[in-house]
1. Take region B:40-59 and flag every residue that is over 22 Å from residue B:109 (Cα atoms), aliphatic (A, V, I, L, M) and in contact (Cβ under 8 Å) with a residue 24 or more places away in the chain.
2. Only one of (1) within 14 Å of chain A (Cβ to nearest Cβ); (2) farther than 20 Å from residue A:19 by Cα fails for residue B:93. Which number is that?
3. Scan region B:75-88 for residues that are surrounded by fewer than 23 Cβ atoms within 10 Å (Cβ to Cβ) and touching an Asp or Glu at 6+ places or on another chain (Cβ under 8 Å) and jot them down.
4. Based on what the data block shows, is residue B:28 touching a residue at least 24 places away in the same chain (Cβ under 8 Å), over 25 Å from residue B:11 (Cβ atoms) and in contact with a Cys (Cβ under 8 Å, 6 or more places away or on another chain)?
5. Note down all Cβ pairs under 6 Å where the first residue falls in region A:86-105 and is under 24 Å from residue A:124 (Cβ atoms), the second is modelled with pLDDT under 85, and they're at least six residues apart or on different chains.
6. If you take the residues of region B:1-17 that are in contact (Cβ under 8 Å) with a residue 12 or more places away in the chain and assigned to a helix (DSSP H, G or I), which of them is farthest from residue B:89 (Cα to Cα)?
7. In region A:126-133, is there at least one residue being at the interface with chain B (Cβ under 10 Å from one of its Cβ atoms), within 24 Å of residue A:15 (Cβ to Cβ) and modelled with pLDDT of 90 or more?
8. Can you pull out every residue in region A:122-139 that is surrounded by 13 or more Cβ atoms within 10 Å (Cβ to Cβ) and either among the small types (Gly, Ala, Ser) or in contact (Cβ under 8 Å) with a residue 60 or more places away in the chain (or both)?
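The values are calculated or read from the model by the stated rules, or taken from the named source; none is laboratory data. All of these numbers come straight from a predicted model, not from anything done at the bench. Cβ atoms come from the backbone with ideal geometry, glycine included; neighbour counts cover every protein chain shown.
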Amino acid sequence: MENIKLHYDVDSNDFSCAGEASGKIKKALKDLGFDASLIRNVAIAVYEGEINMVIHAEGGVIDAEISPEKVTVVLKDKGPGIPDIEQAMTEGFSTAPENVRALGFGAGMGLPNIKKYSDTMHIDTEIGVGTTITLTFNF
Amino acid sequence: MKIKELVSILEGEVVFGEEYIENEVFAACGSDMMSDVLAFVKEQAVMLTGLVNPQVVRTAEMMDMKCIVFVRGKRPDQSMIDLAQEREIVLVCTKLEMFSSCGKLYENGLRGASGK
């Protein structure tokens, strides 16, 4: 199998559309016949990342590469950056505004969930420049 | 538990997915926080929530959930019904509040993620 590359733009203007990219990646993996639990791990982690992009960073881009050994997903935004990664990784810590909480997010579980469901997670962030999160999921 | 039994226990109304009510659910979670739901993984689960927005259906999609129950008389809008249709997720409404809905399902044998 040749590596499959997928690219999605995440629009920040419509919260109801957040999850489109994750859903498409999930469907692509399903169509390729991967194991259901692996697909779910990828879908949940990418969905949390996509939601974060919409909440904090006015959107961004998601690139996924599917190889015979692993799935690599890169979520890149030009948002405000994360001042304290350790704090942001703490379950329950959130800087999401009240309107986002009213929609069911901002419980401070986003980054912890992304870490939980991925095999490796690397955060590259710079204040005022943006954040890139690289995830791998091994088969 | 079959979805149709769940509907009967909750005195619910199937808003979408009558054709899937013979499907089984093996676990349940009740929450208005989708991030908490995403921290819970169990195949063929049902989500109970008082939250009404499209992200509820998307969360269920990511979790491979088969059914969403809207408690306290909440009703999904057409955009949510359309999303559920594409994903074959049953939507149920009940007038019962969250506590009573969860209690009734627990009483009838359904359990949470821990199985307890």
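1. B:52, B:56, B:57
2. With respect to (1) within 14 Å of chain A (Cβ to nearest Cβ); (2) farther than 20 Å from residue A:19 by Cα, residue B:93 is out only on (1).
3. B:87
4. Taking the combined requirement at face value, the residue does not satisfy it.
5. Every condition considered, no pair remains.
6. B:9
7. Within region A:126-133, none of the residues are at the interface with chain B (Cβ under 10 Å from one of its Cβ atoms), within 24 Å of residue A:15 (Cβ to Cβ) and modelled with pLDDT of 90 or more.
8. A:130, A:131, A:133, A:134, A:135, A:136, A:137
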